[in-house]
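Readers should treat all values here as calculations from the given coordinates under stated rules, not as data from a laboratory. Every value quoted in this text rests on a predicted model; they were computed, and no experiment measured them. Here the Cβ positions follow ideal geometry from the backbone for every residue, glycine too, while neighbour counts run over all protein chains shown.
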Amino acid sequence: MPEDNSEKKSDQETSATPSSRVEEAVGLLTAGLDSLTPEIIQRLTTTVAQLSELIDVINNDEVKNLLASTAQAAGSLERSLGAIKTLEEGGTLATLVEIGGFANAIMQSLTTSLVTRSLSPVLSLAMTGDQMLEVVRESALEARKDTRQISLIALLRELRDPQVQESLKFILALSRHLPGLLEKL
């Protein structure tokens, strides 16, 4: 009757397995070490040094807080990046950069004297406008208080006054230009 060797074989495999696996691992490590060239060792050393520097940078409270904030705002950041990508693809972002450069150049070129010279006519016009409004108010009050009837002779007498002449010329000129101005509105 043949002997049952399956039981013995199984015992041998079990006892030989850890030893053969260790031998396989040693063989793998030996092959790996043998394949390391000085160039590979240099690259590996550089990579490990860079990783160490990166870990030092990341391992401070400010960066940790920044990373936590970034994780919390991930959805918003993703939408914002999508919007920026759309602006960039359509050329709008480049236009905005150009406008920003233009605005910056204007801001850099603005000096106190330039601003004063530029705003001086505007301020002068505003003051003249205010003065004209005040004259119109005073004239309106004066006209309301004047209860006399103006006759043709009284009107002709007033025409001798140079200020009345100048005012009438202005009103006539304004009357000629007013329709064209009103059409543009």
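The residues on offer are 107, 127, and the sole one that is in a helix (DSSP H, G or I), of a type in the set (A, V, I, L, M) and surrounded by fewer than 10 Cβ atoms within 10 Å (Cβ to Cβ) is 107. Here residue 90 fits the description: small (Gly, Ala, Ser) and surrounded by 10 or more Cβ atoms within 10 Å (Cβ to Cβ). Scanning the stretch 52-87 for residues that are surrounded by 11 or more Cβ atoms within 10 Å (Cβ to Cβ) and part of a loop (DSSP other than H, G, I, E, B) yields a total of 1.
Among the residues making up the stretch 117-145, a single one is among the β-branched types (Val, Ile, Thr) and over 20 Å from residue 163 (Cβ atoms): 122.
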